Amino acid sequence: MSLRSALATALGATALLCAAIGPAGADPAETVTVDPTGRIAPDGTVTLSGSYRCTGGTGPVFVGSSLSQRDPRLRHGIGGSGARCDGAEHRWQNSGKVSSEALRAGVAHVEATLVELRPSGIVPLPAFHAVGDQDITLVQE
């Protein structure tokens, strides 16, 4: 497994495990959005995108995303990408191959999470800047 794949998997897992906590105390100017259309390639690779804005990151910040289709209890982590918390609006794009279940073109639900890994002793802890969710249309490439 490459370092990039391992990082994307770790970010996706962190976002999924901690999504219920939400962005407690987050600045209302910090946002993450999801574009209304995602893409699914013939090999099962899903690409999602959107925009984000955040300020004051002291540790590494990432945009993680997950997707569900048909069964909202089954979420697929779709990659993770680095983020800059400089107060400006930026674009994000994550891609990942879904191996446990074939996804199809059509309606899906995406959750994007803007999360910072803040140093806390030996293990960095997640601090949420923003969470966004949107029903989208997956289109076949």
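Rounded to the nearest Hz, the phi-derived 3J(HN,Hα) couplings of region 128-141 under the Karplus curve 6.51 cos²θ - 1.76 cosθ + 1.60 (θ = phi - 60°) are 8, 9, 6, 9, x, 9, 7, 6, 10, 10, 8, 10, 6, 7, where x marks glycine and proline. Each residue was assigned an accessible area with a 1.4 Å probe, and for residue 58 the value is about 110 Å².
The modelled label-to-label distance between residue 86 and residue 137, using points 7 Å beyond Cα along the C-beta direction, is 3.5 nm.
The values are calculated or read from the model by the stated rules, or taken from the named source; none is laboratory data. Being a predicted model, the structure only gives us computed values, none of them experimental. All Cβ positions, glycine included, derive from the backbone under ideal geometry; neighbour counts span all protein chains shown. When the accessible area is computed, the model is the full protein with side chains, heavy atoms only, and any ligands, DNA or RNA have been set aside. Shrake-Rupley method; radii C 1.70, N 1.55, O 1.52, S 1.80 Å.
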